[in-house]
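Input: a single structure, listed below in structure tokens.
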Amino acid sequence: MNVMLTLIRREFWEHRSLWLTPLAVAGLLVLLAAFGAHASHGPRVTLQLDGREQLFLDSLTPQDRSKLFGVQIGLFLVPQLLVMLVTVSFYVLDCLYTERRDRSILFWKSLPVSDAETVASKFLTAILVLPLLAYVLSLVTGFIGYLLISQRFSSTPWVGLAQWNTLVWLRMQALLLADTLVAALWYAPLVALLLLASAWFRRNLYTWVLLLPVGVAYLEYRVFGTAYLTHLLTYRSVGFFAALGLHPVTSLGGPMPAAADLESKLNATGLIASADLWLGLVAAFAFLYLAVRIRRDRDDS
Amino acid sequence: MTTIIEARGLRKRYGDTAALAGIDLRIEAGRIVGLIGPNGAGKTTALKAILGLTSYEGELKVLGLDPRRERNALMRDVCFIADVAVLPKWLRVKQAIEYVAGVHPKFDRIRAEEFLARTDIRPRARVGELSKGMVTQLHLALILAIDARLLVLDEPTLGLDILYRRAFYDTILNDYFDKERTILVTTHQIEEIENLLTDVIFLQRGQVTLASSVEGLGARYVQVVVRPDRVASARAFAPFYEREIFGQHVMLFEGRPAAELQGFGELRTPSIADLFVAKMQDSPALPRGAAS
């Protein structure tokens, strides 16, 4: 297990963006929270609402308030996860490709680490370590964000909107952690597929990865008049967010879900029961197996 | 004696060309073996097969293991420096030590750090910031601290200046080599390593053309600086190589007792470099050049 830890640490040494990016996002979120808290305290907001805030606040049930609190906490995770999707994609594409380009694969292979261990360390970094990092950072920034907002609201009528609620906080954290892990399982086949591409292509990796699916989808459309590949890739890419009820396409411009049902919407654990998730995992293991075989058998360094 | 490497009928093809055309090798423990051959002779392919980095046909056992299927286990007892370019540029010196300490059960971290302390290499430096010579020193520091049984060096001093090259081999000999360990080295700079080799293997177009201990060479090969008046009679003894420098004829004989050749001129044991050139000139594919 010690070996696996060393291998995962190695990934963070090589790909500094893996920890720098989530840290930057966390810093930005805290800044936004500080700035936002400041702005909402300004005269403009007060003017706009013009005394009706008390009316609005009175209309909120304690349940609504606790939900608002939960949403405040939870919103710190979503940007982390979205940015992480990009970071992880680039990382996974790069990791088995660059070691052959710079011939450092010969150094890594001169040590008693199997190809399976190497591929597993990269997969685990992408699928487990990074999502957990995003989760922990969102937990910390969410807490800091809460402190900033509640401090700004403390002497205004809005104070009721930022009431600490330990029970809701714990429930929210458990839910977000579960969501993070479900997201990891859901994206496993895509991550494994990109790892396979990283092991497979000898040059022009990014061109291949962009053009191949587009080309195949186009051919499929021209020859069969169907769009299965497009549907499959879209489903595998946004399926998780769809399960969250936050379909990135349909929810754009549409009404924001009411605070009351956001917590239930933020629950993606239902995906665990879906056969598609498990089929995806089977595919992921097949892709990983191929990536290991290619790294072991290919001799182009 | 323990056999470290044993190959029988080792073959490897790249498309139409045979990189290894069925070679037999036997390397015993405690030897320093030079694998010598021109470019494209199959040296690197042979090393890759031995290290389990490439597929092959034929039989091959390294430390009693199948390098292809048991590479992981094999690498606990085998160290390997390909050439200076393989340490990644982003790696920091202390990370390199940390990493090897984390994955290698036989790595002695203190030893590596002591070795590095004697160099100008800063622990915080990245490989990309080091000179070629320093990268080799770093790699050497890592390798020397691993208690391995077989060390494989593929052109380890390529691109280094003479000071680093000399220091490299001195360190290997003084700090690393002992009777339990075996070193297999390929290089173009034969002159530089010929004094430290105990055995030589010449590879030519995927085949072994000579495999002998260095002591054995003296008994088998004789170099004669032939006196001008004896050239014709010396040729009658069928030298396999002859060249003329400053009017002197130098001939190489194989398997002739020294007594037979005594009368022709001054007798010497040929250097490995001389033998190598002679053997390579034997090949019809190469220009015969100075050879008569």
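Scan region B:73-82 for residues that are crowded, with 20+ Cβ neighbours inside 10 Å, more than 7 Å from every other protein chain (Cβ to nearest Cβ) and in a loop (DSSP other than H, G, I, E, B) and jot them down.
none
Can you report the number of residues in region A:182-241 which are within 16 Å of A:V88 (Cβ to Cβ), among the small types (G, A, S) and within 16 Å of the chain's Cα centre (by Cα)?
Matching residues across region A:182-241 total 5.
For region A:1-11, name all the residues that are open to solvent by 40 Å² or more (accessible area, probe 1.4 Å) and closer than 13 Å to A:A126 by Cα.
Result: A:R9, single match.
In the set B:I110, B:I121, which member is under 24 Å from A:V3 (Cα atoms) and either open to solvent by 10 Å² or more (accessible area, probe 1.4 Å) or assigned to a loop (DSSP other than H, G, I, E, B) (or both)? Don't jump to the end; show me each part of the working.
On the way: B:I121 fails: under 24 Å from A:V3 (Cα atoms).
Among B:I110, B:I121, only B:I110 is under 24 Å from A:V3 (Cα atoms) and either open to solvent by 10 Å² or more (accessible area, probe 1.4 Å) or assigned to a loop (DSSP other than H, G, I, E, B) (or both).
Would you pick out the residues in region B:124-138 that are away from every other protein chain (no Cβ under 14 Å), assigned to a helix (DSSP H, G or I) and open to solvent by 10 Å² or more (accessible area, probe 1.4 Å)?
B:E129, B:K132, B:M134, B:Q137
One line per residue, one yes/no per condition, for (1) in a strand (DSSP E or B); (2) of a type in the set (G, A, S); (3) under 21 Å from B:R149 (Cα atoms):
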| residue | (1), (2), (3) |
| --- | --- |
| B:N195 | no, no, no |
| B:L203 | yes, no, no |
| B:Q223 | yes, no, no |
| B:V231 | no, no, no |
| B:A238 | no, yes, no |
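Inspect region B:203-210 for any residue being open to solvent by 60 Å² or more (accessible area, probe 1.4 Å) and under 28 Å from B:I162 (Cβ atoms) and give the result as yes or no.
Looking only at region B:203-210, we keep the residues that are open to solvent by 60 Å² or more (accessible area, probe 1.4 Å), and these are B:205, B:207.
Narrowing further to those that are under 28 Å from B:I162 (Cβ atoms): none.
Checked against the condition, which is being open to solvent by 60 Å² or more (accessible area, probe 1.4 Å) and under 28 Å from B:I162 (Cβ atoms), region B:203-210 yields no hits at all.
When you look at B:Q189, is it open to solvent by 30 Å² or more (accessible area, probe 1.4 Å) and either under 23 Å from B:D83 (Cβ atoms) or without any contact (Cβ under 8 Å) to a residue 12 or more places away in the chain (or both), yes or no?
Values: open to solvent by 30 Å² or more (accessible area, probe 1.4 Å): yes; either under 23 Å from B:D83 (Cβ atoms) or without any contact (Cβ under 8 Å) to a residue 12 or more places away in the chain (or both): yes.
Yes: the conditions hold for B:Q189.
Output the number of the condition that A:G142 fails; it satisfies all remaining conditions of (1) out of contact with any strand residue (DSSP E or B) (no Cβ under 7 Å at 6 or more places or on another chain); (2) not in a helix (DSSP H, G or I).
Status for A:G142: all satisfied but (2).
Quick check: is even one residue across region A:93-110 closer than 18 Å to A:L5 by Cβ and either within 14 Å of another protein chain (Cβ to nearest Cβ) or part of a loop (DSSP other than H, G, I, E, B) (or both)?
We begin by selecting, within region A:93-110, every residue closer than 18 Å to A:L5 by Cβ; these are A:95, A:108.
Narrowing further to those that are either within 14 Å of another protein chain (Cβ to nearest Cβ) or part of a loop (DSSP other than H, G, I, E, B) (or both): A:95, A:108.
Yes: one or more hits.
Among the residues of region A:111-120 satisfying the criterion of being buried (at least 22 other Cβ atoms within 10 Å of the Cβ) and more than 9 Å from chain B (Cβ to nearest Cβ), which is nearest to A:R10 (Cα to Cα)?
Checking each candidate, the answer is A:T118.
In region B:139-182, which residue that is among the hydrophobic types (A, V, I, L, M, F, W, C) and part of a strand (DSSP E or B) is farthest from B:K106 (Cα to Cα)?
First, the residues of region B:139-182 that are among the hydrophobic types (A, V, I, L, M, F, W, C): B:140-146, B:148, B:150-153, B:158, B:160, B:162-163, B:167-168, B:172-173, B:177.
Next, only the ones that are part of a strand (DSSP E or B) stay: B:146, B:150-153.
Details: B:I146: 5, B:L150: 13, B:L151: 14, B:V152: 17, B:L153: 19 Å.
The residue in question is B:L153.
Out of A:L57, A:L81, report the one residue that is assigned to a helix (DSSP H, G or I), modelled with pLDDT under 90 and either open to solvent by less than 20 Å² (accessible area, probe 1.4 Å) or farther than 29 Å from A:F240 by Cα (or both).
Numbers: A:L81 fails: either open to solvent by less than 20 Å² (accessible area, probe 1.4 Å) or farther than 29 Å from A:F240 by Cα (or both).
Answer to the check: A:L57.
Do we have A:L130 as surrounded by 20 or more Cβ atoms within 10 Å (Cβ to Cβ) and within 30 Å of B:I50 (Cα to Cα) here?
Numbers: surrounded by 20 or more Cβ atoms within 10 Å (Cβ to Cβ): yes; within 30 Å of B:I50 (Cα to Cα): no.
No: the conditions fail for A:L130.
Does B:I97 satisfy being among the β-branched types (V, I, T), more than 7 Å from chain A (Cβ to nearest Cβ) and surrounded by fewer than 20 Cβ atoms within 10 Å (Cβ to Cβ)?
Values: among the β-branched types (V, I, T): yes; more than 7 Å from chain A (Cβ to nearest Cβ): yes; surrounded by fewer than 20 Cβ atoms within 10 Å (Cβ to Cβ): no.
So B:I97 does not fit the description; no.
Considering every residue within region B:41-52, establish whether at least one is at the interface with chain A (Cβ under 8 Å from one of its Cβ atoms), open to solvent by 10 Å² or more (accessible area, probe 1.4 Å), under 15 Å from B:V152 (Cα atoms) and assigned to a strand (DSSP E or B). Give the derivation first.
Of region B:41-52, the ones at the interface with chain A (Cβ under 8 Å from one of its Cβ atoms) are B:48, B:51.
Now drop any that are not open to solvent by 10 Å² or more (accessible area, probe 1.4 Å), which leaves B:48.
If we keep only those that are under 15 Å from B:V152 (Cα atoms) as well, we get B:48.
Now restrict to residues that are assigned to a strand (DSSP E or B): none.
Scanning region B:41-52 turns up no residue that is at the interface with chain A (Cβ under 8 Å from one of its Cβ atoms), open to solvent by 10 Å² or more (accessible area, probe 1.4 Å), under 15 Å from B:V152 (Cα atoms) and assigned to a strand (DSSP E or B).
Tell me the residue from B:G15, B:G34, B:G9 that is over 24 Å from A:A116 (Cα atoms) and open to solvent by less than 10 Å² (accessible area, probe 1.4 Å), please. Steps first, answer last, please.
Numbers: B:G15 fails: open to solvent by less than 10 Å² (accessible area, probe 1.4 Å); B:G9 fails: open to solvent by less than 10 Å² (accessible area, probe 1.4 Å).
Residue meeting the stated conditions: B:G34.
Yes or no, residue by residue, for (1) open to solvent by less than 40 Å² (accessible area, probe 1.4 Å); (2) at pLDDT below 85:
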site	(1), (2)
B:I245	no, yes
B:V250	yes, no
B:A258	no, yes
B:E266	no, no
B:T269	no, no
B:A285	no, yes
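Could you list all residues from region B:52-72 that are under 17 Å from B:L25 (Cα atoms) and among the aliphatic types (A, V, I, L, M)?
Matches in region B:52-72: B:L60, B:V62, B:L63, B:L65.
The values are calculated or read from the model by the stated rules, or taken from the named source; none is laboratory data. Computed from a prediction, not measured in an experiment: that's the story for all the values here. In this analysis, Cβ positions are derived from the backbone assuming ideal geometry, glycine residues included, and neighbour counts consider all displayed protein chains. These area figures cover heavy atoms from the full protein model, side chains too; ligands, DNA and RNA do not enter into them. Shrake-Rupley method; radii C 1.70, N 1.55, O 1.52, S 1.80 Å.
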